[in-house]
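Engineer: One structure, as structure tokens, below. Some questions next.
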Amino acid sequence: MSVIDDILAEKDFEKIRKETETNYKEYLNPFALRMFKNAGLDVIEGRREGACVWDISGEKYIDCVTGAGIFNAGRHNREITDALKKALDVYDMGGWISIIRERGLLAKKLAEITPGNLKYSLFCCGGGEAVEVAIKLARGHTRKKEIICMENGYHGVTGFSLPATGREVYKKPFAPLTPGYIHVPFNNLDAVKSAITKDTAAVLLEPVQGEGGIRPAGDSYLAGLRQLCTENEILLIFDEVQTGFGRTGKMFCAEHSGVTPDIMVLAKSMSGGIYPISCAVFTEEISDFLYANPFIIINSFGGTSLACLTALAAIEYIEKNDLPARAEKMGKRFMGGLLKLKNKFPELVVDVRGKGLMLGIEFPEDSIGPRMACLLKKNGVISIYTFNNPKIIRIMPSLVISEEEVDFVIDAFDKSLKEIRIQEAGHK
């Protein structure tokens, strides 16, 4: 038997759990393991299907984390995994210094489905890398340095993306960072206007702040940004890593406002959580920067044959099953149930907000988010607070979630809030 056969054949669940926790402690990150346990996320994933994940012991949970939007097409989607299996029968990843047919096909598909005049694509593996590509394109095209970003925004933790992330805890240990980033309050057009200088290259934001607490940008705010950027010859960059591919009820969140950015960053659910791929999609005007040096932005593992074929299969599945419309429908069902809970627990639920199946529940103080995550796990739901704001629990299930599963999650929130109420009463 091979090492893979041995791993998959093991059925002693206590042995697996002990072995996995030991490996995390000894060879990975013991502090992450402690955080997982404290947040009720110490599920060792076994079977994965649809909106659900099973612990190795067989305990079933509805996954409302989904890696912050990786599994829009469902956990272990069979159609997408079959596409990768077929690709593996023919291809390896392909050389990066090669012309790859599948790369061209995916770039064409992205040009067709992204809004407005977005056309060209540069591929990488993760969201942070794609944000870096967007920033490089903006600086290279405009020959200007400053990037205006949003407070509490999150754009990854790699070199060029880390300074754009709007929380000091991620950045302070790694100073000095790449200079030229200015942070302003989110949803405040006047703040952006005041921050613009003759050296501003771009404005970068998430159309719904994910780690910042599931905060949607207002349509008039986005329209105002578009006008400001156009008037001042500044590029507008949308980070749709979490919001893309149907999550908010449209294929891309930009479609809600009718505002088209100059660069759109995509990742996470681009290949259905089956194979790593991300990209920056940008307008033809910006491509002039690549004319003199077409290989100035490269990635050895970006846009491989395997990644592109898997992404094409994921996009086909999303379109064929109209997952954006499903996200809108299930999001409305969620919102109706959550608003009832807000009325039922007014002292605990401050706000409910979001778009489609990117929803957040805000509590009055930080400790409730982690406590809710632990209680939800006991009630069959995996959820977590947003990293930049632990007052908010996120709800980001797979878009294939059923009405019955939505109702199950709402009931789990109801039970968990009742327990929090009892806890709070005991502290008084």
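Bear in mind that the values in this text are calculations on the coordinates, not laboratory data. These numbers come from a predicted model, not from an experiment. Reconstructed Cβ throughout: ideal geometry from the backbone, glycine too, with neighbour counts over all protein chains shown.
Engineer: Can you list the trypsin sites (Lys or Arg not before Pro) in region 170-269 that are in a DSSP coil and have 11 or fewer other beta carbons within 10 angstrom? Numbers along the way, then the final one.
Structural biologist: Details: sites: Lys171, Lys193, Lys198, Arg226, Arg247, Lys250, Lys268; in loops: Lys198, Arg247, Lys250.
Filter output for region 170-269: Lys198.
Engineer: Moving on. Which residue, Lys332, Lys355, Lys320, tops the fluctuation ranking in a GNM of the chain built on C-alpha contacts under 10 Å?
Structural biologist: Result for the chain, Cα springs under 10 Å: Lys320 fluctuates most.
Engineer: To continue, here is another question. Within 11 Å, Cβ to Cβ, of Asp407, how many net charges do the neighbouring residues add up to if Lys/Arg are +1 and Asp/Glu are -1? All intermediate terms of the calculation are to be shown ahead of the outcome.
Structural biologist: Numbers: positive: Arg333; negative: Glu403, Glu404, Glu405, Asp411, Asp414.
That works out to -4.
Engineer: Given the rule -39500 (n - 2.57) for each run of at least 4 DSSP H residues, summed and divided by the residues of the chain, what is its mean residue ellipticity at 222 nm, to the nearest 500 deg cm²/dmol?
Structural biologist: Only helices count here, giving -13000 deg cm²/dmol.
Engineer: At q = 0.09, 0.13, 0.15, 0.18 Å⁻¹, what is the log10 ratio I(q)/I(0) for region 79-320, with the Debye formula run over Cα points and no solvent?
Structural biologist: Result of the Debye calculation: -0.36, -0.75, -1.00, -1.40.
Engineer: So for the chain, taking the charge dipole from beta-carbon charges (+1 Lys/Arg, -1 Asp/Glu), which of Phe123, Ile401, Ile7 sits furthest toward the positive end?
Structural biologist: Ile401
Engineer: Something else about it: For labels at Asn23 and Val169 in the simple 7 Å Cα→Cβ model, what's the distance in nm?
Structural biologist: It works out to 2.8 nm between the two label points.
Engineer: What is the spin-label model distance, in nm, from Asp89 to Leu177 if the labels are put 7 Å beyond Cα along the C-beta direction?
Structural biologist: Each label point is offset 7 Å from its Cα along the Cβ direction, giving 4.7 nm.
Engineer: Given contacts defined as C-alpha pairs under 8 Å and at least six residues apart, what's the relative contact order of region 79-320, whole-number percent? Spell out each step's value before the answer.
Structural biologist: Values: 482 pairs, mean separation 73.8, N = 242.
Averaging sequence separation for qualifying contacts and normalising by length gives 31 percent for region 79-320.
Engineer: For region 123-174, what is the relative contact order in percent, using Cα pairs closer than 8 Å and at least 6 residues apart in sequence? If you can, show how the numbers build up before the last one.
Structural biologist: Values: 55 pairs, mean separation 16.9, N = 52.
It comes to 33 percent, rounded to a whole number.
Engineer: Let me ask something additional. At what distance in angstrom do the alpha carbon centres of region 332-354 and region 390-404 lie from each other?
Structural biologist: Measuring centre to centre over Cα atoms gives 13 Å.
Engineer: Further question on the same structure: To the nearest 0.05, how large is the calculated FRET efficiency for Asp322 and Ala425 if R₀ is 45 Å and r is the Cβ-Cβ distance? Could the numbers behind the result be given before it?
Structural biologist: Working: r = 45 Å, r/R0 = 1.01.
Approximately 0.50, to the nearest 0.05.
Engineer: Is there a quick way to get the dipole size of the chain? I mean about its Cα centre, with the Cβ of Lys and Arg at +1 and of Asp and Glu at -1; what is the value in debye to the nearest 20?
Structural biologist: On the way: 53 positive and 56 negative charges, 116 e Å.
Taking the Cα centre of the chain as origin, the dipole is about 560 debye.
Engineer: Pop a pseudo-label 7 angstrom from the Cα along the beta-carbon direction at both Glu284 and Arg78 and give the gap in nm to one decimal.
Structural biologist: 4.4
Engineer: In the chain, once you exclude exposed GluC sites (Glu not before Pro) (DSSP loop, at most 15 other Cβ within 10 angstrom), what's the longest stretch remaining? Don't skip to the end; give the middle numbers.
Structural biologist: Values: sites that count: Glu10, Glu59, Glu151, Glu233, Glu347, Glu365.
The segment 234-346 is the longest one with no such site.
Engineer: Quick one: plug the Kirkwood hydrodynamic radius of the chain (C-alpha pairs) into Stokes-Einstein at 25 °C, 0.890 mPa s, and report D in µm²/s. If you can, show how the numbers build up before the last one.
Structural biologist: Values: Rh = 22.5 Å.
For the chosen part, D equals 109 µm²/s.
Engineer: Could I ask something else about it? Report the charge-dipole magnitude of region 79-320 in Debye, nearest 20, computed about the Cα centre from +1 at each Lys and Arg Cβ and -1 at each Asp and Glu Cβ. Could you put the intermediate results ahead of the total?
Structural biologist: Working: 23 positive and 27 negative charges, 60 e Å.
Charge dipole of region 79-320: 280 debye, to the nearest 20.
Engineer: Could you tell me which of Gly303, His427, Val381 has its Cα farthest along the dipole of the chain towards the positive end, charges placed at Cβ (Lys, Arg +1; Asp, Glu -1), taken about the Cα centre?
Structural biologist: Ranked along the dipole, the leading option is His427.
Engineer: Then there's this: Any chance you could check the Cα centroid distance between region 268-282 and region 1-76 for me, in angstrom?
Structural biologist: Centre-to-centre distance over Cα atoms comes out at 22 Å.
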